[in-house]
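Worksheet for the structure shown next.
The values are calculated or read from the model by the stated rules, or taken from the named source; none is laboratory data. Remember, it's a predicted structure, so these values are computed and weren't measured experimentally. Cβ atoms come from the backbone with ideal geometry, glycine included; neighbour counts cover every protein chain shown. Note: areas computed on protein heavy atoms with side chains; ligands, DNA, RNA excluded. Shrake-Rupley method; radii C 1.70, N 1.55, O 1.52, S 1.80 Å.
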Amino acid sequence: MTTVSFRTEESRIVGFDVKGHSGYAEEGSDIVCAAVTSAVRLVECSVNDVLGLGAAVKVSERAAKIEFHLPGGLSASADNTCQTLLTGLMVYLTELHDEFPDNITVLEV
């Protein structure tokens with residue numbers, strides 16, 4: 001199972017961790033893992049490559065884990081954009097959980 005934990009501080013999402021393989025199908029053929037990976041990469045690329053904000057990203061393929069953490073000191077505009085992206089990711093992954101409840105769990109911590 002894939003577990004996605006969104007880290008929050010007060011009402012802000014400050015990052016997330018993704019751990020594990022969904023187990024929907026074999027690696028390389030797993031549509032749930034592909035959906036999660038694609039969505040996470042879109043958010044990471046939007047924050048770091050498009051907005052240039054320098055979020056910390058740590059990937060461990062061996063451990064099947066991705067960690068993402070927003071930097072501190074963001075402007076109000078940049079933070080608002082990041083909150084929109086991260087909230088969209090949370091909604092998308094929650095909907096994916098609704099379709100595949102045995103393969104993905106979404107938590108707020």
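Summary of computed values
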{"quantity": "Residue within the stretch 4-20 that is of a type outside the set (Phe, Trp, Tyr), in contact with a Ser or Thr (Cβ under 6 Å, 6 or more places away or on another chain) and open to solvent by less than 40 Å² (accessible area, probe 1.4 Å) present", "calculated": "yes"}
{"quantity": "Whichever residue in the stretch 92-109 is within 13 Å of PHE16 (Cβ to Cβ) and assigned to a helix (DSSP H, G or I) and, among such residues, is nearest to the chain's Cα centre (by Cα)", "calculated": "LEU93"}
{"quantity": "Residue under evaluation GLY73, criteria (1) crowded, with 16+ Cβ neighbours inside 10 Å; (2) not β-branched (Val, Ile, Thr); (3) not in a strand (DSSP E or B), criterion not met", "calculated": "(1)"}
{"quantity": "Filtered residues of the stretch 68-109 (kept if more than 14 Å from SER5 (Cα to Cα) and among the β-branched types (Val, Ile, Thr))", "calculated": "THR81, THR84"}
{"quantity": "Residue list for the stretch 36-70, filter: free of Cβ contacts under 8 Å to residues at least 12 places away in the same chain and of a type in the set (D, E, K, R)", "calculated": "ARG41, ASP49, LYS58, GLU61, ARG62"}
{"quantity": "Matching option when the condition is surrounded by fewer than 16 Cβ atoms within 10 Å (Cβ to Cβ), assigned to a loop (DSSP other than H, G, I, E, B) and hydrophobic (A, V, I, L, M, F, W, C), among ALA34, ALA25", "calculated": "ALA25"}
